[in-house]
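A quick write-up on the structure given underneath.
The values are calculated or read from the model by the stated rules, or taken from the named source; none is laboratory data. What you see is a predicted model; the values in this text were computed from it and never measured. All Cβ positions, even for glycine, are placed from backbone atoms using ideal geometry, and neighbour counts span all protein chains on display. Quick note on the areas: whole protein, heavy atoms, side chains included, nothing else; ligands and nucleic acids left out. Shrake-Rupley method; radii C 1.70, N 1.55, O 1.52, S 1.80 Å.
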Amino acid sequence: MSGKILAIALLGATSSAAVAESSQYSHSDSAAAVQNYAPLFQQELDRSRSFVDEMMKIGVVVPVPKDPGGGYTHEQHKQNFKIIYQAGQLYKLTGEQKYADYARDILLAYAALYPTLGEHPARKNSQSSGRLFWQVLNDAMWMVDSIQGYEAIRDSLSAADRQNIDDNLFRKAAAFLSTGSAVTFSKIHNHATWATAGVGMTGYVLGDRNLVDVALLGLDKSGKTGFLRQSELLFSPDGYYTEGPYYQRFALKPFIVFAGAIEKNDPARKIFEHRDGILLKALTTTIQLTYDGHFFPFNDAIRDKSLKTDELFHGVAVGYAKTRDPGLLSIAQWQGRTVLTDDGIMVAKDLASAKAKPFPFASLLLADGPEGKQGAVAIMRKGDGMTGQALVAKNSSQGMGHGHFDKLSWQYYDNGLEIVSDYGAARFLNIEAKQGGRYLPENESWAKQTIAHNSLVVDEKSHFNGDRKAADKRAPEQLYFSGEMGSQISSAKMADAYPGVDFTRTMALLEVKGLDQPLVVDVMRVAAEEDHQYDLPLHYNGHIMRVGFDLASHVADRPVLGEANGYQHIWIDGTGKPVSPDNAFLTWISKDRFYTARWVPQTGSQTILAESGANDPNFNLRREPMLVNRVKNAKDIVFASILEAHGRYDGAAERTTRSDSQVKTIQHVEDGEKDLLLIETLAGAQSVLAISYDPDADKKHKATIAGQKISWMGFAAHLQLAGE
C-alpha cells in the first residue's frame, strides 16, 4: 500500500472512530474492578483515564511520518505511544475492554503502516534516521512504552490480531532497532540504552529469546556491547552517569524499566544486584544531582528538566519497591505523580500511611568513569536540597559527545536559585521553529565553549582546542574532598587541557563568624611553561547593584570580545582595572538576596563586564551577564576570590538590610607549595583557607599570614584566626 493510500485509509479510520463516542469504545465488556486506591494513585488513574477517554473521542490517528521534532507527525506519534502505554495499564487495572480495544486499533494501524516505511524524510545526515521519527532514538522510545502497553492487552486479542501486531510491527521494529541500526545499537551511549531496552522487552513479550540475548549482550552476544555492558561502562561505582545529570535522568527510564522486565522474566540474573546494585545506586545519585528539584545543567542539558519527569516517576516507584527507602516517598510527594503499576500502588499507599521522610540531600563526592578514576563531581551543601546552599565543582570527564569543554568549572545555588550558572545546551527541544527542536549551531559555537563556563580559558581557546576526541582521553584528578560541615573543601587538578599548562582549583563552602550565609572560596593555581593570556569568567544571575572599581562603559556601541571559540558571542558592557581586593568587587541582587564577588586582582589585570548574545541573528542565545578577569603575558599565577551572600530586600515593606558586603577585605599569600587566603569581616573576624600541594598529604604544614603563624594537617583546612 502506498503512503498516500495508507494516509487516506487511516484518515477514514480516524473519522469513523470519532463519531460521537463510537460504540466500539463506549462500553466495557466487563465491569471495572472496584478498588480503594490511595489518593496519589487514584489521581494518577483518573488523570490517565481522562486523557485516554479524550483521545478515544478523536479516534485512531497514525499519520505517515513527515515532520522533524515539534512537527505534527512527530508529536502525534509521540502521543500515540503514551496512549498505547496508558490504555494498556488502564485495561490491566480496570478490566474495561474499551481500553484494550483502543490500544489494539492503534497498534493495528501501526502494523499496516510500519512495513511501508523507509528512512524518515526529515532525517539529519549526522544522525541515524528513524522510521516513525527523524532520529532512531525516538523510535526506541516509542518501542519502550508501546511494548509495555501491548503486553498488558496481548492476551485479550484474537490470534489473528496478535500475530499481525507481533510480526508486522514489533518484530520488524525490533529488527530495525537492532540489526537495522547496528551502529547505534552497539554504542555505549544513551541511544543504545533505549534501543536495547525496547528490543529486549519486545523479546520477552513475544517469547523470542534471541531478541533478549541480543539486547543484553550485543549483536554478536559477546557481552562487549549491549544493555549489561552499558550498565558497566556508563555509570561510575558511585552511580554517576558519564554524560551528566540531564542525560542520567533521560537514560534512567530504559535502565530501570528493562531491569524490571529482566527481573520478572529472568530472576536468576538478579539484575538489581548487578555490579553492586548499580541501577538503584544510579537512581539515588540522580536525585542527589539536583537543587530545588532541577538537575545541575552540566553538558548538553535542557534547564527546564526536573524530577517531575516520566523517567523519575518510574525510577522512584521502582526504587521504592526495591528498597522501601522512605526518602524516596518524599520525592514522590514533591513530584505529585506516580505510575500505573504495582510499584506505583505501593508508593501511593505508603505515602498515605505517612511513611515518608525527607530525602537526605548530602555533601558528597561522586567519582566519574567505570572504575571511578576519571575525575569526580563534588557537591557541598548546607541546609535542605530546595532552598539551602549547594556548591558544585564539576571535576568530571568530558562526557562523550554531549560533553562541554569546562574542566574544573563550578556552579552555586542559594535561596532556591542558581546564583553562579552553567549555560547548559543551546536548544529549544521539540520547538519546530528552532531547527526542528534539534541542537542549534550555537550549541557548538557558544554553549560547549570554555568561555561559556566558569573555567579557565588560555589564549582565547577552549580546552583541548575544542577537540572532543582529545578531551575524552584526559580527565581531571580529584586531589581532595571534605564534606565536614562548616569547612567543606574540594580540590582537583587538570593537566593537558592546554599544552604546557596545568591548573589546580580548590573550591570551599565555609562558615565564617559574623556572616549571614556560608562563603564560597575559590583558589585556582595555574602553572605554565610560557607566557599566556588567562581569562577567568564568572557567569552570574542577577542585577548589578554596585561595581567597586571605575568602569569604562560602552553605552553607545558595544564591542564584541573576540572572533572565535565563543568570544564572538560576547558583548562588552564595560571594562575596569581594580587595584586591590578593597575595590575588586561586584555586587548584584537575585530575588531578595544580595551577592558580592570579591577577588585579588593581579598587577595589570583587567575586569570585563559582558553579556552573551552577540553575533546571534536568529536570537538563539539567552542574554546572560558575566564577569571576566583577564591577565595578559603571565606564566604562573593564582586567581583567588570569594562569593558572599548577604542581606535582604523586602519589596513589599520597602526595606533593605545589609545590601553591602560584610567582608572588609581578602588577602592571598603564596608560600612555596602553599596557598593561603585570608578573609576579614567588617566586624574584625579573621579566618583563612590554607592549602598545601605537598604530595605528603598527612604531614603537618606551617605558614604565616597577616603576622600570625598557622599550622594544619592534610591537604587543606579552614582556620578561624581572630575577631568576634
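Miscellaneous remarks
- Region 565-582, subset of a type in the set (Gly, Ala, Ser) and at pLDDT 95 or above, residue nearest to the chain's Cα centre (by Cα): Gly566
- Number of the exception - Asn565 against (1) touching a helix residue (DSSP H, G or I) at 6+ places or on another chain (Cβ under 8 Å); (2) polar (S, T, N, Q); (3) under 25 Å from Gly388 (Cβ atoms): (3)
- Test: Ala376 is in a strand (DSSP E or B), among the small types (Gly, Ala, Ser) and touching a residue at least 40 places away in the same chain (Cβ under 8 Å): yes
- Filtering region 341-367 to residues that are in contact with a Gly (Cβ under 9 Å, 6 or more places away or on another chain) and open to solvent by less than 10 Å² (accessible area, probe 1.4 Å) leaves only Leu366.
- Within region 648-660, residues that are without any contact (Cβ under 8 Å) to a residue 60 or more places away in the chain and hydrophobic (A, V, I, L, M, F, W, C) have Cβ atoms under 8 Å from residues that are loosely packed, with under 10 Cβ neighbours inside 10 Å and not in a strand (DSSP E or B) in no pair, counting only partners at least 6 apart in sequence or on another chain.
- Matching residues in region 448-473 - criterion: being of a type outside the set (Gly, Ala, Ser), surrounded by fewer than 24 Cβ atoms within 10 Å (Cβ to Cβ) and not in a loop (DSSP other than H, G, I, E, B): Val458, Lys461, Phe464, Asn465, Arg468, Lys469, Asp472
- Failed item, numbered, when Gly401 is tested on (1) surrounded by fewer than 21 Cβ atoms within 10 Å (Cβ to Cβ); (2) out of contact with any helix residue (DSSP H, G or I) (no Cβ under 8 Å at 6 or more places or on another chain): (2)
- Neighbours by Cβ (under 9 Å, 6+ apart or cross-chain): first from region 337-350, farther than 19 Å from Ser50 by Cα and at pLDDT below 95; second among the β-branched types (Val, Ile, Thr) and buried (at least 23 other Cβ atoms within 10 Å of the Cβ): none
- Selection count where residues are within 18 Å of the chain's Cα centre (by Cα), farther than 21 Å from Val144 by Cα, open to solvent by less than 20 Å² (accessible area, probe 1.4 Å) and not hydroxyl-bearing (Ser, Thr, Tyr), scope region 251-287: 1
- Pairs are defined by a Cβ separation below 7 Å, a sequence spacing of at least 6 or placement on different chains, a first member in region 678-706 that is under 30 Å from His646 (Cα atoms) and in contact (Cβ under 8 Å) with a residue 60 or more places away in the chain, and a second member that is among the acidic types (Asp, Glu) and open to solvent by 10 Å² or more (accessible area, probe 1.4 Å); the pairs so defined are Ala683/Glu724; Ala685/Glu724.
- Pairs are defined by a Cβ separation below 7 Å, a sequence spacing of at least 6 or placement on different chains, a first member in region 36-61 that is among the charged types (D, E, K, R), and a second member that is open to solvent by 50 Å² or more (accessible area, probe 1.4 Å); the pairs so defined are Glu44/Arg337; Lys57/Glu21.
- Hey, Lys305 out of contact with any strand residue (DSSP E or B) (no Cβ under 6 Å at 6 or more places or on another chain), surrounded by 18 or more Cβ atoms within 10 Å (Cβ to Cβ) and of a type in the set (D, E, K, R) or not: no
- Selection status of Ala103, buried (at least 23 other Cβ atoms within 10 Å of the Cβ), of a type outside the set (S, T, N, Q) and under 26 Å from Val183 (Cα atoms): no
- Meets criteria (in a helix (DSSP H, G or I) and touching a residue at least 60 places away in the same chain (Cβ under 8 Å)) for Lys98: yes
- Among the residues of region 657-664, some residue qualifies, meaning at least one is in contact with a strand residue (DSSP E or B) (Cβ under 7 Å, 6 or more places away or on another chain), part of a strand (DSSP E or B), open to solvent by 10 Å² or more (accessible area, probe 1.4 Å) and not acidic (Asp, Glu).
- Qualifying positions in region 112-135 - open to solvent by less than 50 Å² (accessible area, probe 1.4 Å), under 16 Å from Leu177 (Cα atoms) and in a helix (DSSP H, G or I): Tyr114
- Qualifying positions in region 490-511 - open to solvent by less than 10 Å² (accessible area, probe 1.4 Å) and over 16 Å from His668 (Cα atoms): Ser490, Ser491, Ala492, Met494, Ala497, Val501, Phe503, Leu509, Leu510
- Odd one out for Asp167 among (1) among the acidic types (Asp, Glu); (2) farther than 19 Å from Phe255 by Cα; (3) in contact with a Leu (Cβ under 8 Å, 6 or more places away or on another chain): (3)
- Taking each residue of region 562-574 that is on the phi > 0 side of the Ramachandran plot and touching a residue at least 40 places away in the same chain (Cβ under 8 Å) and looking for partners that are of a type outside the set (Lys, Arg) and assigned to a helix (DSSP H, G or I) with beta-carbon atoms closer than 8 Å, six or more apart or interchain, yields Asn565/Thr450; Asn565/Ile451; Asn565/Gly466; Gly566/Ser445; Gly566/Trp446; Gly566/Thr450; Gly566/Ile451; Gly566/Ala452.
- Flag for Asn430 being part of a loop (DSSP other than H, G, I, E, B) and on the phi > 0 side of the Ramachandran plot: yes
- Those residues of region 61-76 which are in contact with a helix residue (DSSP H, G or I) (Cβ under 8 Å, 6 or more places away or on another chain) and either small (Gly, Ala, Ser) or surrounded by fewer than 22 Cβ atoms within 10 Å (Cβ to Cβ) (or both), in sequence order: Val61, Pro63, Val64, Lys66, Asp67, Pro68, Gly69, Gly70, Gly71
Residue by residue, here is whether (1) part of a loop (DSSP other than H, G, I, E, B); (2) at negative phi; (3) of a type outside the set (Ser, Thr, Tyr); (4) touching a Phe, Trp or Tyr at 6+ places or on another chain (Cβ under 7 Å) holds:
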residue: Pro578; (1), (2), (3), (4): yes, yes, yes, yes
residue: Tyr595; (1), (2), (3), (4): no, yes, no, yes
residue: Arg598; (1), (2), (3), (4): no, yes, yes, yes
residue: Gly604; (1), (2), (3), (4): yes, no, yes, no
residue: Arg623; (1), (2), (3), (4): yes, yes, yes, no
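- In this structure, Leu211 does satisfy being of a type in the set (A, V, I, L, M, F, W, C), open to solvent by 10 Å² or more (accessible area, probe 1.4 Å) and in contact (Cβ under 8 Å) with a residue 24 or more places away in the chain.
- Among (1) closer than 22 Å to Gly483 by Cβ; (2) in a loop (DSSP other than H, G, I, E, B), the one test that Ala683 misses: (1)
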